[in-house]
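The values are calculated or read from the model by the stated rules, or taken from the named source; none is laboratory data. Since we're looking at a predicted model, the values are computed, not measured. Cβ placement follows ideal geometry from the backbone for every residue including glycine, while neighbour counts extend to all protein chains displayed. These accessible areas exclude ligands, DNA and RNA; they are computed on the full protein's heavy atoms, side chains included. Shrake-Rupley method; radii C 1.70, N 1.55, O 1.52, S 1.80 Å.
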Amino acid sequence: MKNVLLLLFAMVTIASAPAQTKAAGVVLPNTVTFEGEKLALNGVGVREKFWMDMYAGALYLDKKNADANVIVNGNQPMAIKLHIVSKLITSDKMIDAVNEGFEKATDGKTSGISSEIAQFKSYFSEEIQKNDIFDMVYLPKEGVKVYKNNKLQGTIPGMEFKRALFGIWLSKKPADKDLKKAMLGKS
């Protein structure tokens, strides 16, 4: 009887595992699906600046991976979700942060993808509000699809651009070292 109760308890515990993860006061799904590709949460963290939360950032992969280099250079479906949690993030500040991120991620070698970067930055031209959600989804046959609040902003082809974009968060010079560690599931 004791074993039956333990088994029942284990089954209920597994069945009630959360389908979402909380970070920076917002809830992020543990799985996402884009164009038929189901991706699982690899890790989630918070981008902080001056001790204030700016956004919750989550990395989604087809299978768990803690190797940033493998992820950045990988040619399989993956996504980064940014959930804005601060009113301090404006369109101009986001564009400045993106510029800095691409410079760091590529060691200043952005000339080969300058038109792709310009296209990407245009997706932040509309004013950013608290609780806006950006999804940057890499699909190998298409490139990086950028969504704002579930609305497709555009698609940017090319593996070089994908590496630079994911490098903003996962390169040797990431936007935030603690966020990188959290996205890799190491925190």
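Some observations on this one:
- Value of relative contact order over the stretch 28-90, rounded to a whole percent, pairs C-alpha under 8 Å and six or more apart: 31 percent
- Only protein atoms count toward the accessible area here, which uses a 1.4 Å probe; on the chain, the carbon and sulfur part of that area reaches 55 percent.
- Distant-in-sequence amide H partners of Asp132 (H built 1.01 Å from N, under 5 Å): Ile84
- Charge sum, other residues only, whose C-beta stays under 13 Å from His83's C-beta, Lys/Arg counted +1 and Asp/Glu -1: +2
- DSSP-assigned coil residues among GluC sites (Glu not before Pro) in the stretch 12-93, each with at most 16 further Cβ atoms within 10 Å: Glu35
- Of the trypsin sites (Lys or Arg not before Pro) in the stretch 158-187, those whose Cβ has at most 16 other Cβ within 10 Å and which sit in DSSP loop: Lys172, Lys186
- Surrounding net charge for Asp176, when Lys and Arg each add one and Asp and Glu each subtract one, Cβ distance under 13 Å: +3
- Excluding the site residues themselves, the longest part of the chain lacking any chymotrypsin sites (Phe, Trp or Tyr not before Pro) in a DSSP loop with at most 13 other Cβ atoms within 10 Å is 52-187.
- Partners of Lys181 within straight-line reach, counting lysines whose Cα lies under 22 Å from its Cα and excluding those fewer than 8 residues away in the same chain: Lys22, Lys49, Lys63, Lys64, Lys81, Lys104, Lys162, Lys172, Lys173.
- Length gained when the stretch Ala40-Ser115 is fully extended (0.36 nm per residue, less Cα-Cα span): 23.9 nm
- Gln129 paired with Met159, simple spin-label distance in nm, labels 7 Å along Cα-to-beta-carbon: 4.0 nm
- Mean Cα-pair separation over length for the stretch 36-179, i.e. relative contact order, pairs under 8 Å, 6 or more apart, %: 25 percent
- Gyration tensor (alpha-carbon) shape descriptor, the stretch 27-84, a/c threshold 1.5: oblate
- Max mean-square fluctuation residue, GNM over the chain, Cα-Cα springs under 10 Å, options Gly43, Gly158, Gly108: Gly108
- The chain, dipole about Cα centre (Lys/Arg Cβ +1, Asp/Glu Cβ -1), debye to the nearest 20: 560 debye
- Furthest towards positive pole of dipole, Ser125, Ala182, Met78, structure part the chain, Cβ charges: Ala182
- Given R0 = 30 Å, the distance between the Cβ atoms of Leu152 and Lys87 translates into a calculated FRET efficiency of 0.75.
- Estimated at 0.36 nm per residue, the fully extended path between Met52 and Asn69 surpasses their Cα-Cα distance by 3.3 nm.
- When Ser115, Ser187, Ser171, Ser122 are compared by accessible area at a 1.4 angstrom probe, the order from most to least is Ser187, Ser115, Ser122, Ser171.
- 15 Å beta-carbon shell around Tyr147, net charge (K/R +1, D/E -1): -2
- Residue-normalised accessible area of the chain, expressed per residue, 1.4 Å probe, Å²: 55 Å²
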